[in-house]
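These notes are about the structure you will find just below.
The values are calculated or read from the model by the stated rules, or taken from the named source; none is laboratory data. This structure is a prediction, so every number in the text was calculated from the model and none was measured. Heads up, the Cβs are rebuilt from the backbone with ideal geometry, glycines too, and the neighbour counts pull from every protein chain shown.
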């Protein structure tokens with residue numbers, strides 16, 4: 001199996017940096033819900049533990065409601081659908097307005113859908129997986145370089 005290791009020493013210099021992490025299922029309790037793996041939540045917790053200020057973004061409504069995990073200290077929530085360019089631009093503008101800079105972008109938002117692209121039906125395929133998993137990442141990269 002492929003393995004990726006962080007250089008822990010290099011990451012210790014992140015104190016005071018500002019990170020945006022998309023795909024942060026902060027509404028979830030400690031139990032797994034649906035298909036969400038909580039990787040975004042883990043990234044938020046990791047970056048804040050290193051002293052980063054983090055803007056956690058997700059299409060869901062943030063850390064509200066019954067069974068919600070508390071927001072880590074140093075993190076704020078911004079609702080953002082990465083399929084929508086104007087919402088991504090707003091996320092980046094609001095982050096810069098609040099923190100004065102953006103140092104790190106973790107384009108983590110992703111969905112899984114079982115679409116039968118080779119099926120016999122003539123219905124248009126559901127493009128949400130590509131819109132979120134590919135276009136959402138690309139739009140986040142473009143926004144990071146422009147906004």
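Residue 42 - would you say it is outside any strand (DSSP E or B), modelled with pLDDT of 75 or more and out of contact with any helix residue (DSSP H, G or I) (no Cβ under 8 Å at 6 or more places or on another chain)?
For residue 42, the condition - outside any strand (DSSP E or B), modelled with pLDDT of 75 or more and out of contact with any helix residue (DSSP H, G or I) (no Cβ under 8 Å at 6 or more places or on another chain) - is met.
Quick check on the range 98-118. Is at least one of its residues at pLDDT 95 or above and assigned to a helix (DSSP H, G or I)?
yes
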